[in-house]
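**Student:** A single structure is presented below for examination.
The values are calculated or read from the model by the stated rules, or taken from the named source; none is laboratory data. A quick note: this is a predicted structure, and the numbers were derived from the prediction, not measured. Positions of Cβ are backbone-derived with ideal geometry, glycine not excepted, and every protein chain shown enters the neighbour counts. Only protein heavy atoms, including side chains, enter the accessible area calculation; ligands, DNA and RNA are left aside. Shrake-Rupley method; radii C 1.70, N 1.55, O 1.52, S 1.80 Å.
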Amino acid sequence: MMRYPKGLQTGETIGVTAPSSGVDSELHDLIHHSKKQFENRGYNIEIGKTVWTQHKAASTTKEKRAAELNAMLQNHDIHTIIPPWGGEILQEILPLIEWGKAQAKWILGYSDTSTLLFAFTLKTGIATAHGTNLIELRSDEWDPTTSKFLEVLSSEEGATIKQVSSSHYQSKWNHDKKPDPYIYKLDTKTNWETVSNSPVEMNGRLLGGCLDTIHHLIGTPYGDVKEFQKTYINNEPILWYFENCEMSATDFHRTLMQMQQSGWFDNASGVLFGRTAAGQEVGGFTTLDALERLAETTNLPIIYNADIGHVPPQMTFINGAYAEIKADNGKGEMTMNLKK
């Protein structure tokens, strides 16, 4: 059965470590601003050494990254872990993580952090939270969609959490933007869509993340979905959620075929895809073509342009939790239950 971390309370400590990318010196102010926002809300922040450095596409060596992460996972005084952001090569630390010694505590993030979240839940049966990262929480106010992460991290086993789709999303990134009062400039109307062009309802155990990174776990000890279903969720169907960060339409299609041919969709109830600034058309082939072919091959309901990932804001998804997701007339809603 699934295990859920103890809910985060004010006065407790959040650990910040960089298991993937650290932060270049010219951007250190982003960390300081984010730290201040959590302290203003009554939380303690402990920042690891890996956060302040960046070399060859990672914060530091895989050994140092893994050691700091292991220390935070095993530290009773740290209640939640939030990396500064994602990165590129987190996968290389997975063999160095001391899975059996890790305590049940929330880990939050997306992008390459989802590589850790995905593997952590599959290996341990401990729920993890796919949502915003630390850098994007540096403003005095948090928008309604993003701010739900705090309700999630404060929840206990058995809790029910409802989230609804955003009204608008941000079409372009600008890290130099000053909060007014939010980090994001939500300038485009949100519109959840379905491949069937009709209302969709689906339910199952949530699992997913950034397609660019987690599909590389197929065939490794960190991507055994069937064993996870058997060991921790009594063979309940998986409700998949994904986002595409950088892949072209054809690379996206190849990745989905790899997942399907590896059995990841064999016992599933549906698939939810996030908005993407990627998915470049190739020879007339589009990401919608890829989604339509996935629906035809798997007979699964598919929702897309949802609030997930690199085109903010994003909802918070708990890997391993039971969820009911609906999409109708451009709007979406998700109810998660933290049941064993």
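**Student:** Can you tell me what share of the DSSP beta bridges in the chain is antiparallel? A percent to the nearest 5 is fine.
**Tutor:** Working: 27 of 52 bridges.
Taking every DSSP beta bridge within the chain, about 50 percent pair in antiparallel fashion.
**Student:** Mind checking the alpha-carbon convex hull of the chain and giving the volume per residue in Å³?
**Tutor:** Normalising the Cα hull of the chain by residue number yields 122 Å³.
**Student:** Send over a whole-number figure in Å² for the accessible area per residue of the chain, probe 1.4 Å. Mind showing how you got there, number by number?
**Tutor:** Values: 13840 Å² over 340 residues.
For the chain, the per-residue accessible area is 41 Å².
**Student:** How much net charge surrounds Arg275 when only the other residues with a Cβ under 9 Å from the Cβ of Arg275 are counted, with Lys and Arg +1 and Asp and Glu -1?
**Tutor:** Values: positive: none; negative: Glu243, Asp307.
Neighbour charge sum, excluding Arg275 itself: -2.
**Student:** In whole percent, and with a 1.4 Å probe on the protein chains, what portion of the accessible area of the range 1-149 is carbon and sulfur? Don't skip to the end; give the middle numbers.
**Tutor:** On the way: 2690 of 5500 Å².
After summing per-atom areas, the C and S share lands at 49 percent.
**Student:** Between Glu246 and Asn75, what length in nm is gained on full extension when 0.36 nm per residue of separation is reduced by their alpha carbon distance?
**Tutor:** Working: separation 171, 0.36 × 171 = 61.56 nm, distance 3.52 nm.
Using 0.36 nm per residue and subtracting the Cα-Cα distance, I get 58.0 nm.
**Student:** Which one, Pro179, Asn329, Ile14, projects farthest toward the positive side of the charge dipole computed for the chain from Cβ point charges (K/R +1, D/E -1)?
**Tutor:** Among Pro179, Asn329, Ile14, the one farthest towards the positive end of the dipole of the chain is Ile14.
**Student:** In the range 188-340, carbon and sulfur make up what percent of the accessible area (probe 1.4 Å)?
**Tutor:** 42 percent
**Student:** Please identify which residues in the range 324-340 have an amide N closer than 20 Å to a label point set 7 Å out from the Cα of Glu151, following the Cα→Cβ vector.
**Tutor:** 324-328, 331-340
**Student:** Give me the dipole magnitude in Debye, nearest 20, for the chain about the Cα centre, with unit charges on the beta carbon: positive for Lys and Arg, negative for Asp and Glu. Write out the running numbers ahead of the final one.
**Tutor:** On the way: 31 positive and 41 negative charges, 127 e Å.
Once rounded to the nearest 20, the dipole reads 620 debye.
**Student:** Which value, in debye to the nearest 20, describes the size of the charge dipole of the range 247-314 about its Cα centre when Lys and Arg Cβ atoms bear +1, Asp and Glu Cβ atoms bear -1, and nothing else is charged?
**Tutor:** Values: 3 positive and 7 negative charges, 20 e Å.
It comes to approximately 100 debye.
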